[in-house]
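Engineer: Attaching a single structure in structure tokens format; questions to follow.
Every read-out reported here was derived from the displayed coordinates using simple, explicitly stated rules and does not represent laboratory data. The shown structure was predicted, so the numbers you read here are calculated from the model rather than taken from an experiment. Cβ sites come from the backbone with ideal geometry, for glycine too, and all protein chains shown count toward neighbours.
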Amino acid sequence: MMAVERKYFRRFTFAEYVDYLKPFVSQVKFSQVHVHGTWKPTIADYRKASDKMKIIQAMWRFHAITQNWGDIAQHATIDPDGYIWEGRSLLEAPASAVGYNDPDNDRIHPFMFEMIGNFDVGAEKLEGAQLATAVKLTSSIMTMWKLPEAQIKFHREMNPGKSCPGSSVNKTSFLELVRDWRNVDMSPADANKIISNWLSPAWFAASSKAERDEIHRLANELRKASGQL
Ligand SMILES: [Zn+2]
């Protein structure tokens, strides 16, 4: 018997989701990261919805009941505000692309996420908090499961009939952002401590504009290195 309705999906911040992922490193082996855009629902649909969870539930209903995929297709859904909604169990293979799902219950399969939006050229834009979360999530899965860059797959690479995650999303640019993010390992808290405890006093004590400009530049480098700029 199939469950008639799945009522609740948790919503995480990126940091909360990384904590949620940690115990799964020993329970499942992600072999790839599969990147998708929903096309529908759109960002506009999401903005219009007064109860955002209904958008996730509608995807679940379409995938699980209409398509008969057993559950929502993806492991995670990134909304336009950069939050991550839970999807199907991480221990189960996704319904990502025919021939690429590895659905043999050996707990080795791809990690699949969807980004809500229509990212085809001329439609909506993948940007801001949503793009940042997509980049950081991809990077974190690669780091935690020790995956090489070649194992990041856009849906259209597995199914050339599709533009997914959207024809405006350039794979080379996306990989560059992931690479940049992977080189960051300073926490925002540490960077801000250095700025407020050392650089700010030095700025006030500086005797020339050149010195102040240099201190300002260093503070911005710290903000960048900690992912704040
Ligand atoms: Zn797709």
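Engineer: Among Val135, Val18, which comes first, second and so on when ranked by fewest other beta-carbon atoms within 10 Å?
Structural biologist: In order of increasing Cβ crowding within 10 Å: Val18, Val135.
Engineer: If you filter segment 109-199 for trypsin sites (Lys or Arg not before Pro), then keep DSSP loop positions with at most 11 other Cβ within 10 Å, what is left?
Structural biologist: Working: sites: Lys125, Lys136, Lys146, Lys153, Arg156, Lys162, Lys171, Arg179, Arg182, Lys193; in loops: Lys125, Lys146, Lys162.
Those that pass, being in a loop and sparsely packed, are Lys146.
Engineer: Can you give the FRET efficiency to the nearest 0.05 for Ser31 and Asn68, using r as the Cβ-Cβ distance and R₀ = 22 Å? Spell out each step's value before the answer.
Structural biologist: Numbers: r = 25 Å, r/R0 = 1.11.
Result of the calculation: an efficiency of 0.35.
Engineer: Give Lys22/Lys52; Lys29/Lys162; Lys136/Lys224 a once-over and call out the pairs whose C-alpha atoms are over 21 Å from each other.
Structural biologist: Numbers: Lys22/Lys52 26 Å; Lys29/Lys162 27 Å; Lys136/Lys224 14 Å.
In this structure, Lys22/Lys52; Lys29/Lys162 lie more than 21 Å apart at Cα.
Engineer: Still on this model: Between segment 37-76 and segment 194-217, what is the separation of their alpha carbon centroids in Å?
Structural biologist: 49 Å
Engineer: Quick check for me: using +1 on Lys/Arg Cβ and -1 on Asp/Glu Cβ, what's the dipole size of segment 119-212 about its Cα centre, in debye to the nearest 20? Can you show the working numbers first?
Structural biologist: Working: 12 positive and 10 negative charges, 17 e Å.
So the magnitude is around 80 debye.
Engineer: Cross-link candidates for Lys48: which lysines have Cα within less than 25 Å, leaving aside residues fewer than 8 places away along the same chain?
Structural biologist: Within the straight-line cut-off, Lys48 pairs with Lys7, Lys40, Lys125.
Engineer: What is segment 54-105 by shape, rounded, prolate or oblate, if you read a ≥ b ≥ c off the alpha carbon gyration tensor as root eigenvalues and call it rounded for a/c under 1.5, prolate for a/b larger than b/c, and oblate otherwise? Spell out each step's value before the answer.
Structural biologist: Details: a/c = 2.16, a/b = 1.40, b/c = 1.54.
In terms of gyration-tensor shape, oblate.
Engineer: Exposure proxy check: Val28, Val98, Val35, Val169 ranked by fewest other beta carbons within 10 Å? Mind showing how you got there, number by number?
Structural biologist: Details: Val28 20, Val98 8, Val35 27, Val169 23.
If I rank by nearby Cβ atoms, fewest first, I get Val98, Val28, Val169, Val35.
Engineer: Label segment 11-182 by shape, choosing from rounded, prolate and oblate, from the square roots a ≥ b ≥ c of the eigenvalues of the Cα gyration tensor; if a/c is under 1.5 it is rounded, and otherwise prolate applies when a/b is larger than b/c, oblate when it is not.
Structural biologist: Working: a/c = 1.28, a/b = 1.12, b/c = 1.14.
Rounded, because the longest to shortest axis ratio a/c is under 1.5.
Engineer: Once you keep just the Cα pairs under 8 angstrom separated by 6 or more residues, what percentage relative contact order results for segment 13-171?
Structural biologist: Numbers: 293 pairs, mean separation 51.9, N = 159.
Worked out over segment 13-171, it gives 33 percent.
Engineer: Now for a different question. Arranged by the count of other C-beta atoms within 10 angstrom, fewest first, what order do Ile43, Ile56 take?
Structural biologist: Values: Ile43 22, Ile56 26.
If I rank by nearby Cβ atoms, fewest first, I get Ile43, Ile56.
Engineer: Taking the chain as a Gaussian network, where each spring joins two C-alpha atoms under 10 Å apart, which residue of Thr66, Thr77, Thr13 fluctuates the most?
Structural biologist: Top of the fluctuation ranking is Thr66.
Engineer: Another question, then. For the chain, return all DSSP H helices satisfying: extent of Cα atoms along own axis at least 15 Å; mean Kyte-Doolittle hydropathy at least 0.0.
Structural biologist: On the way: long enough: 128-144 (24 Å, 0.82); 171-182 (16 Å, -0.64); 209-225 (24 Å, -1.44).
Helix filter hits for the chain: 128-144.
Engineer: Using a basic spin-label model with each label point 7 Å from the Cα along Cα→Cβ, how many nm lie between Leu199 and Leu229?
Structural biologist: 0.7 nm
Engineer: While we're looking at this one, here's another question. Would you work out the charge dipole size for segment 11-182 about its Cα centre, treating the Cβ of every Lys and Arg as +1 and the Cβ of every Asp and Glu as -1, and quote it to the nearest 20 debye? Don't jump to the answer; show the numbers that get you there.
Structural biologist: Values: 20 positive and 20 negative charges, 16 e Å.
With Lys and Arg at +1 and Asp and Glu at -1, about 80 debye.
Engineer: Once Lys and Arg get +1 and Asp and Glu get -1 on their Cβ, which of Thr38, Tyr20, Asn220 lies farthest toward the positive end of the dipole of the chain?
Structural biologist: Towards the positive end, the residue furthest out is Thr38.
Engineer: Over segment 15-93, what relative contact order in percent results from Cα pairs under 8 Å that are six or more residues apart?
Structural biologist: Answer for segment 15-93 is 22 percent.
Engineer: Another one. Summing -39500 (n - 2.57) over the DSSP H runs of n ≥ 4 in the chain and dividing by its residue number, what mean residue ellipticity at 222 nm do you reach, to the nearest 500 deg cm²/dmol? Please report the intermediate quantities before stating the final value.
Structural biologist: On the way: 9 runs with 86 residues, N = 229.
Computed ellipticity for the chain at 222 nm equals -11000 deg cm²/dmol.
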